[in-house]
1. From Gly218, Gly191, Gly236, Gly203, which residue is in contact with a helix residue (DSSP H, G or I) (Cβ under 7 Å, 6 or more places away or on another chain) and at positive phi?
2. Please verify whether Arg97 is over 22 Å from the mean Cα position of the chain (by Cα), surrounded by 17 or more Cβ atoms within 10 Å (Cβ to Cβ) and modelled with pLDDT of 65 or more, treating the condition exactly as stated.
3. With the condition kept exactly as written, say whether any residue in region 202-218 is surrounded by fewer than 23 Cβ atoms within 10 Å (Cβ to Cβ), touching a residue at least 60 places away in the same chain (Cβ under 8 Å) and touching a Lys or Arg at 6+ places or on another chain (Cβ under 7 Å).
4. Which of the residues belonging to region 76-125 are closer than 21 Å to Leu52 by Cα and small (Gly, Ala, Ser)?
5. Of everything in region 179-209 that's hydrophobic (A, V, I, L, M, F, W, C) and farther than 16 Å from Gly123 by Cα, which residue is farthest from the chain's Cα centre (by Cα)?
6. Filter region 192-201 for residues that are in a helix (DSSP H, G or I) and either among the hydroxyl-bearing types (Ser, Thr, Tyr) or buried (at least 21 other Cβ atoms within 10 Å of the Cβ) (or both) and give the result.
7. If a residue has to be within 30 Å of Asp157 (Cβ to Cβ) and not aliphatic (A, V, I, L, M) to count, how many in region 84-139 make the cut?
8. Assess whether Pro283 counts as being assigned by TED's automatic domain parsing to the domain that holds Ala306, at negative phi and of a type outside the set (Phe, Trp, Tyr).
Amino acid sequence: MQIGTRVFTLPLLSSLLLGIGASTLVGCSTPQVAAEALPFDRAIRAAADALLDEAQPFSSMLAGSDRRAVVLDPTLDADSGQQTSATQQLDVAISERVQQARYFELVPFEAANLKSAKYLIVGSMSRAQGGHRLDLALLDLKTGGVLAQTSVLARLDAADMKPIGYYRDSPVLMKDETVEGYVRTTLTRPGNLADAGYLGRIGAAASINDAARLYNSGRYREALVEYRGLAATPAGNQIRVLSGIYLSSVKLGRTAEAESAFGRLVAYGLAQKNLSVKFLFNPGSTEFWADPRLTTAYGMWLRQIARQASNAKICMDIVGHTSRTGPEEVNDSLSARRALFIKQKLSAEATELAARTRTIGMGSRHNLVGSGTDDVVDAPDRRVDFAIVDCAA
């Protein structure tokens, strides 16, 4: 008897199939997306409905039993690693649909609930031709197998891409292997295992969510305690934790601790061979943004980047970026001049870096947001990347 791929969504079979290598039975190709982009508010509801519809073959087996607990690890913007107002809207749509489902009960994404929860939902938004793609996946927490996955194309005419609290304040982009693993999981087809790196740190992810919630509500002292506790564990060695220690220390006025934390954040990024820092420049200029509330720390950032790069004896490409405002040739020149400006600042801190760094201007070709608003929304588009390269190159 031939078995269809829908069978792989059944929880009674998932352990067996995944145990013998379901990835050989179901392809890992990029999910297919409908060609027509829906208005954003319709798209987020359609994505949530489609995910639960795909879950019907196994959820119907729960008839007569208790509702099964589901947790939602908050969705992310896949390009920047941030939580935004738009991803929060997606979270709300998912939560409402799960609560309306007959066989599921949504419980808070907290470490204590992971022990009793049966399922996990993850989701991401990413730039795609014709709009933004919404990718959602439902996992079995016990087996680590993906039970359902859906992708929907959304227009962003009504979407608010403004990053929320913690992500707005962070000096760096939230992209590391753990975040990338989360995004890969949102794209994983049913019958395959979720990303091992992400799932292995799911407990830390719940604690990070708790700490970010404390930070966003202004409870900086409690947030710092949470972040410090996470940093003392192997699973806590990730960019969201290190950034959280830095941000909480800044809010509490602990200058020395903040600089030390930023140094660890830089060292982590350099060890990962890529660091993206959100230096804000005045529009069309190589001068830093005029608001000292945003740029006062830049001198310390540059000092720590120079110190950590010098100590590591590495070579770097300093890559400048701009928003999409203005002609392409102007942006290419501007991004190159901004990269040179940063190189000169670093070389003033550590003279040996003059010979170990080179500059590249990417203009607006690698925009992550693409709004062209030249404000906090598209700050990631005006970043400076530090990419580790072979010194012999």
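The values are calculated or read from the model by the stated rules, or taken from the named source; none is laboratory data. A quick note: this is a predicted structure, and the numbers were derived from the prediction, not measured. All Cβ positions, glycine included, derive from the backbone under ideal geometry; neighbour counts span all protein chains shown.
1. Working: Gly218 fails: in contact with a helix residue (DSSP H, G or I) (Cβ under 7 Å, 6 or more places away or on another chain); Gly236 fails: at positive phi; Gly203 fails: at positive phi.
The match here is Gly191.
2. Numbers: over 22 Å from the mean Cα position of the chain (by Cα): yes; surrounded by 17 or more Cβ atoms within 10 Å (Cβ to Cβ): yes; modelled with pLDDT of 65 or more: yes.
Yes; evaluated as a whole, the condition is true for this residue.
3. So far as region 202-218 goes, no, none of its residues is surrounded by fewer than 23 Cβ atoms within 10 Å (Cβ to Cβ), touching a residue at least 60 places away in the same chain (Cβ under 8 Å) and touching a Lys or Arg at 6+ places or on another chain (Cβ under 7 Å).
4. The answer is Ala86, Ala93, Ser95, Ala101, Ser116, Ala117, Gly123, Ser124.
5. Here the residue is Ala196.
6. Narrowing region 192-201 to residues in a helix (DSSP H, G or I): 196-199.
Passing the criteria: only Tyr198.
7. Qualifying residue count, region 84-139: 22.
8. Details: assigned by TED's automatic domain parsing to the domain that holds Ala306: yes; at negative phi: yes; of a type outside the set (Phe, Trp, Tyr): yes.
When the stated conditions are applied, Pro283 passes them.
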